[in-house]
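Following: one structure in structure tokens, then a few remarks.
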Amino acid sequence: MASRHVRRTLDILAYVSLVLDICIAVITTFSVLGNSKPQQFLIPVNYLLTLVVVLSVALFAVLVALKLVERRATIA
């Protein structure tokens, strides 16, 4: 049951990561075209993307741990 919630949270984080990647692409495109105003948003978006990656790694570790516990419970 808990692994299902972790997987769902990982799915949500994947979608958030996709949106943040699109934001970075749009900001970078504006910067290349000569409009430097959106570039001020690049740093906060990068920090958010870093947070998403850290949360994803942590949730992946939790998911692996849950799988190990479930496997041990079925063996015992």
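Go ahead and estimate [θ] at 222 nm for the chain from helices alone: -39,500 (n - 2.57) per DSSP H run with n ≥ 4, summed, over the residue count, rounded to 500.
-31000 deg cm²/dmol
Picking from S36, A61, V19, whose Cα lies most toward the positive end of the charge dipole for the chain (charges on Cβ: Lys, Arg +1; Asp, Glu -1)?
Sorting the options by dipole projection puts first A61.
Simple spin-label model, 7 Å along Cα-to-Cβ: I12 to L68 in nm?
2.6
Can you tell me the orientation of helix 42-75 relative to the chain, as the angle in degrees between its alpha-carbon axis and the longest Cα principal axis, to the nearest 10?
It works out to around 10 degrees.
Using alpha carbon centroids, what distance separates segment 45-72 and segment 11-42, in Å?
24
Calculate the dipole size of the chain relative to its Cα centre from +1 charges on Lys and Arg beta carbons and -1 charges on Asp and Glu beta carbons; express the result in debye to the nearest 20.
On the way: 7 positive and 3 negative charges, 63 e Å.
The calculation lands at about 300 debye.
Computed from these coordinates, which is Rg/Rh (Cα atoms, Kirkwood Rh): [x] 1.20; [y] 1.24; [z] 1.03?
Recomputing Rg/Rh (Cα atoms, Kirkwood Rh) here picks out [y].
Could you give me the ³J(HN,Hα) list for segment 19-33, computed from phi with Karplus coefficients 6.51, -1.76, 1.60 and θ = phi - 60°, whole Hz, x at Gly and Pro?
Values, residue by residue: 4, 5, 4, 5, 4, 5, 5, 5, 4, 5, 4, 4, 5, 5, 6 Hz.
Residue separation times 0.36 nm, minus the C-alpha to C-alpha distance between Y47 and I22: what's the value?
Result: 7.6 nm gained on full extension.
The numbers here are math on the coordinates, done by the rules we state, and not lab data. In this text the structure is predicted, and so the values were computed from the model without any measurement. For neighbour counting, all protein chains shown are included, and Cβ atoms are generated from backbone atoms with ideal geometry for every residue, glycine included.
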